[in-house]
Every structure is written in structure tokens, then in C-alpha cells.
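Below you'll find the structure, written out as C-alpha cells, and then a few comments.
The values are calculated or read from the model by the stated rules, or taken from the named source; none is laboratory data. Quick caveat: nothing in here was measured; it's all calculated off a predicted structure. Don't worry about glycine lacking a Cβ; one is built from the backbone with ideal geometry, like all the others, and counts go over all protein chains shown.
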Amino acid sequence: MHAAGGGPMKIAVDRQATEPVYLQIRDRISYLIQSGGLKVGDRLPSIRAMAQTTNVNKLTVIEAYSVLEADGLIYARQGAGYFISQATVAPPARPASFAPEQTVIIPDQGLTSFSEVSDAFLQSQAQPDMINLNSGFPQAVGVEDLQRISRRAIKNVAEHLFHHNPPEGDPVLREQIAQLLSQLGLGAAPQDLIITNGSMQALSLVTQHLIQPGDWVVVESPGFHAYLSLLRQIDARIIGIPMTATGMNLDLLEQFLQSHRPKLIYTNSTLHNPTGITTSLAHRRRLVALAEQYDCWVIEDNAYEWLSFDTTPPPIKALDLPRWSQTGPENHRVIYTGTFSKTLMPALRLGYAVITGDLHRQIVERKLLHDFHVSIVSQGIVREYLATGHYRRRINHLKALNQQNRSVMVRALEDHFPEEASWTIPAGGVFLWVQLPRQVNVAQLHRAAVQEKVFVGSGQPFFPDQQGYPALRLGFAQPMEDIERGIAVVGRLLKAQMAL
Ligand SMILES: Cc1ncc(COP(=O)(O)O)c(C=O)c1O
């Protein structure tokens with residue numbers, strides 16, 4: 001048998017056995033890895049070659065490779081095939097570290113930046129030789145699946161393409177998403193869901209509905225930059241509560257709830273953008289109790305929820321139990337938003353919100369007047385992914401890829417970044433956050449890196465005052481070679497700047 005280099009490999013399968021054929025293939029490859037017959041970095045035969053030599057359907061091989069990938073034994077490199085992973089990912093030589101100064105930021109009004117960030121990103125994307133270490137989008141894997149699934153989806157929804165559809169979204173899709181969410185411990189009913197044009201639309205509709213100019217809103221600092229710009233656009237006043245290694249600083253939050261009486265708290269409880277931090281159940285409980293005590297709304301935007309390597313605590317929304325008043329149940333106070341942008345494709349523009357109580361109808365009405373409803377083609381495609389199990393396989397695939405790539409990035413940071421830098425090592429998602437020494441000029445570093453064809457995300461737009469402390473947000477959902485080369489360039493430029 002010849003394996004390394006992607007050469008032929010024949011696996012004897014027993015069609016009479018009770019074990020499905022794809023698991024027999026998985027077991028055999030897994031055995032070869034454990035016994036040393038296949039070594040780290042060896043390339044597996046292509047799906048087509050393996051299907052031919054083993055005399056099975058290509059889908060069977062895809063299934064087998066997907067489970068091996070989900071087990072972390074192999075990984076896919078775009079356009080190059082499947083490779084044997086490092087048997088155990090060695091623990092990082094330098095542990096995660098995140099202990100920034102706890103400074104609350106209340107910025108002047110009127111600062112905006114997201115459109116500049118977005119323009120620069122799109123320009124960098126148009127340059128094919130640019131390494132992009134700023135992207136939070138999934139790698140473009142599984143395009144063949146997409147073609148097949150889209151054809152089926154369009155056939156399924158064809159009759160709905162010739163009229164308008166419900167503003168809250170396709171009923172089947174809402175049911176499917178409710179089922180998904182129950183896996184997180186969030187028992188949402190399908191009728192609590194609203195399908196939106198990306199989760200950004202949900203954030204925008206809800207925030208514009210709840211917030212008047214001059215209202216105070218709490219955000220995490222650093223926090224999702226597009227949301228900060230949205231708040232500025234509607235003239236909200238922002239309180240940036242610093243992040244700690246375990247989430248938003250709740251003691252400071254309580255102080256500012258007391259002193260400023262904000263109307264809304266915005267948070268990413270799982271895989272926070274940009275630090276990658278996931279909060280504990282205790283943190284979630286205290287946050288919702290504080291929101292209750294000081295009577296304010298909570299938006300829980302968990303865009304990266306499905307990319308966690310570990311089991312996560314139930315969302316804050318699951319702790320938001322109905323309260324009864326004399327006239328009946330009162331509005332719940334937590335709005336949960338999610339998206340398929342990080343697991344399927346951002347250009348489908350498919351997100352969702354769980355909104356209970358009176359607010360649900362109000363937001364549906366806003367959505368109706370905004371754009372009638374989300375494209376029925378996008379809804380049909382996501383429906384098909386969820387109905388066929390391709391979604392689960394794809395998530396497993398992305399998580400295995402991301403875990404591998406996160407290790408590559410951490411190793412590259414250890415090798416190339418100066419001692420004084422520190423970083424988070426998130427248990428999932430696609431970003432990590434690097435804190436740099438005070439003297440570093442991040443804007444200059446960004447410009448120098450772009451000159452060398454590496455697009456790296458400055459931390460500044462993530463702070464409410466567009467400054468904060470020197471930091472970088474690095475996206476690891478990139479080809480490994482790009483991560484290694486990109487981090488080496490940025491590390492060299494950083495050291496050169498610090499030596500001046
Ligand atoms: C934290 C967070 N929320 C929401 C979004 C919006 O994603 P979409 O509108 O594509 O669902 C993003 C995308 O970058 C994000 O990072």
C-alpha cells in the first residue's frame with residue numbers, strides 16, 4: 001500500500017458487515033495513523049481516487065473523510081486535498097494572556113469608522129496576492145456541495161419565487177433553526193424566530209426600534225466595530241465596559257448601570273468578536289440579573305456560536321425567563337441573534353433573531369416595511385443544508401480546519417512576535433486578539449504590512465473611541481501557508497518598529 005503523496009490506497013470493505021462502509025474506511029485510516037503507516041503531513045488519496053480504488057461511491061468517501069476531520073485526525077487544504085493532522089496538537093509554549101487595563105471608554109459622539117474598515121477590506125480582497133489576516137469569513141470550501149444543494153433548493157422553493165413571502169421567514173426554516181437552538185439549551189419556539197438579512201439586519205432593526213438619540217448603550221470594549229458604528233449613526237451614547245479574560249467587567253458594568261441608567265447592553269457571550277472569549281454560566285447569570293435589576297434590554301449577538309470547539313453554556317437568552325405582571329406576561333428582555341454567515345456563506349445574507357413578547361410583532365412590522373422578507377432562494381438553500389445533514393458535516397469540517405489553523409497561528413506568533421506581545425487562545429471561532437506594547441503605532445504597522453501584501457486588522461476600530469490600547473485582531477480561517485507567511489511578516493515589522 002502506498003499512501004503518502006496522495007497515491008493509490010485500497011481499503012477492503014465488507015458490505016455484509018453491520019458497520020456502515022464509511023465508518024469502515026474511517027477505522028482503517030484511523031488505524032493507519034495510530035500505527036504510523038500514515039504520518040503527519042501525508043496526503044490522503046483524493047476523494048475520487050479513493051472511491052475508485054475502494055470501489056465505493058464518492059459520497060461514502062466524503063462521509064469517511066468528514067468524520068476523520070471532525071475527529072481532528074485529518075484536515076483539508078483548499079485545492080490540495082486531505083492531509084494527516086498532528087496526532088495531538090502540542091500545547092502552546094506561551095499560554096493565553098489577556099489582562100488589559102480596566103478603562104471604561106465613553107467616546108465623543110460623531111466618530112464613525114466601519115465604512116472605512118469595510119472599504120479597505122473589500123479593496124484588499126480584490127488583490128489576489130494579498131494575504132488577508134483580517135477576515136472572519138469561512139474558507140471557500142464545499143463549492144461542489146453548494147451547487148448541488150442550490151439546484152435542489154431552487155426546485156423546492158420555485159412556486160414561492162413568484163409572490164411575496166412572510167416577513168418573519170419561511171416556516172420550515174424557522175422550525176429547523178428552533179431545533180438547532182435547542183441543542184444549545186435555548187428552547188425557542190419557531191414562532192419566536194425572525195429570519196433576517198444577516199444578523200446585522202436584526203441588530204440594526206432591534207437597536208433602531210429600542211434606542212432614541214441620546215440614550216446610553218453599554219458595549220464591550222473592545223467590541224464588534226460595525227455595531228459601534230451603528231450606535232453612532234443613530235446618535236446613541238456609548239459606554240465601553242472593558243473586557244477581562246472572563247468577559248465584560250461586571251463590577252464596572254454595575255457601577256455604570258447605576259450611574260448612567262443605560263437602556264441596552266450589547267454582548268457577544270460566546271466567542272466574542274474580537275477577543276474570542278466565551279463567558280461562563282455564572283457570568284451570564286449575573287449579567288441577566290443586573291439587566292433585570294436596572295431594567296435594561298440585552299442584545300446577545302452570538303455570530304460565532306456554532307464554531308466553538310467545546311460545549312458552551314446555554315445562551316443568556318435561555319436564562320431570560322418570562323416575568324408575570326398583574327396584566328399577564330411582561331416582555332422578556334434578551335434578544336438573541338445568530339447567523340449562517342460564519343458557517344455557510346456570508347453572501348447568502350441569512351441571519352435570525354429570537355425575539356419574544358410584544359417586541360416580536362413590532363420588529364416583524366419593521367422588517368416588513370424595510371425589505372418585505374429575506375430572499376427565498378437564500379432561505380431555500382439554508383433549509384436544504386439543514387435538512388440533509390450537510391450543515392452538520394460542514395460545521396465539523398470548519399471546526400477541524402479552524403482548530404488546526406489556530407494552532408498554526410499560535411505557533412507562528414510564538415516564533416515571530418516579540419516577548420512583550422500577548423494573545424488570547426480562543427476555544428473556537430476564527431479570531432484571536434493580540435495585545436501589543438504601549439509604544440507600538442498600530443496604524444503604521446498596518447500600512448507597512450499592506451505594503452508587503454499582508455492585510456492585518458488593527459484593533460483601533462473595535463474600541464468606542466477608535467483608539468484603545470495597541471492591539472491586532474487576527475483571523476485564522478486562512479490557508480496555513482498564508483498564516484505562517486503573514487505572521488512572519490507582521491512579526492518582523494513589529495520588531496523593527498519597536499527597535500526604533
Ligand atoms: C459579532 C458579529 N455580529 C454580527 C455580524 C454580522 O454578520 P451577518 O450580518 O453576516 O450575519 C458579524 C459579522 O462580522 C459579527 O462579527
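When you check GLY187 against the structure, is it out of contact with any Asp or Glu (no Cβ under 9 Å at 6 or more places or on another chain), within 16 Å of the ligand (Cβ to nearest atom), of a type in the set (Gly, Ala, Ser) and assigned by TED's automatic domain parsing to the domain that holds GLY357, yes or no?
No.
Could you tell me whether ILE335 is over 29 Å from LEU398 (Cβ atoms), assigned to a strand (DSSP E or B) and within 23 Å of the chain's Cα centre (by Cα)?
no
Got at least one residue in segment 299-319 being hydrophobic (A, V, I, L, M, F, W, C), under 16 Å from the mean Cα position of the chain (by Cα), on the phi < 0 side of the Ramachandran plot and away from the ligand (no atom under 16 Å from the Cβ)?
yes
Does segment 361-379 contain at least one residue that is buried (at least 20 other Cβ atoms within 10 Å of the Cβ) and at pLDDT below 95?
no
State which residue pairs qualify: first residue over 24 Å from ILE62 (Cα atoms) and inside segment 391-418, second residue of a type in the set (Asp, Glu) and in a helix (DSSP H, G or I) in any location, beta carbons under 6 Å apart, and separation of 6 or more residues or different chains.
Within 6 Å, the pairs are ALA412/GLU484.
Looking for something basic (Lys, Arg), over 22 Å from GLU101 (Cα atoms) and in contact (Cβ under 8 Å) with a residue 40 or more places away in the chain - is there at least one such residue anywhere in segment 463-480?
No, segment 463-480 contains no residue that is basic (Lys, Arg), over 22 Å from GLU101 (Cα atoms) and in contact (Cβ under 8 Å) with a residue 40 or more places away in the chain.
Which count do you get for residues in segment 255-298 that are of a type in the set (Asp, Glu) and either within 16 Å of the ligand (Cβ to nearest atom) or in a loop (DSSP other than H, G, I, E, B) (or both)?
Adding up the residues that qualify gives 1.
Out of the residues in segment 335-351 meeting the condition of being more than 9 Å from the ligand (Cβ to nearest atom) and of a type outside the set (A, V, I, L, M), tell me which one is surrounded by the fewest Cβ atoms within 10 Å (Cβ to Cβ).
The selected residue is THR343.
Looking only at segment 296-311, count every residue that is polar (S, T, N, Q) and at pLDDT 95 or above and tell me the total.
2
Between a residue in segment 78-99 that is more than 16 Å from VAL408 (Cα to Cα) and any residue that is of a type in the set (Val, Ile, Thr) and modelled with pLDDT of 85 or more, which pairs come within a Cβ distance under 6 Å, given they are 6 or more apart or on different chains?
Hits for this filter: TYR82/ILE74; PHE98/THR424.
Answer yes if at least one residue in segment 107-123 is surrounded by 12 or more Cβ atoms within 10 Å (Cβ to Cβ), modelled with pLDDT of 80 or more, not hydrophobic (A, V, I, L, M, F, W, C) and not in a helix (DSSP H, G or I), and no otherwise.
yes
If I ask for residues that are in contact with a His (Cβ under 7 Å, 6 or more places away or on another chain) and closer than 18 Å to THR267 by Cα, which ones from segment 422-465 would you list?
PRO461, PHE462, listed by residue number.
If ILE425 satisfies all but one of (1) away from the ligand (no atom under 16 Å from the Cβ); (2) buried (at least 21 other Cβ atoms within 10 Å of the Cβ); (3) at pLDDT 95 or above; (4) not polar (S, T, N, Q), what's the number of the condition it fails?
So the condition that ILE425 fails would be (2).
Quick check on segment 361-368. Is at least one of its residues aliphatic (A, V, I, L, M), away from the ligand (no atom under 16 Å from the Cβ) and outside the structural domain of ILE74 (by TED's automatic domain parsing)?
yes
Out of ILE131, ILE154, I need the residue that is surrounded by 15 or more Cβ atoms within 10 Å (Cβ to Cβ) and under 29 Å from GLU365 (Cα atoms). Which one?
ILE154
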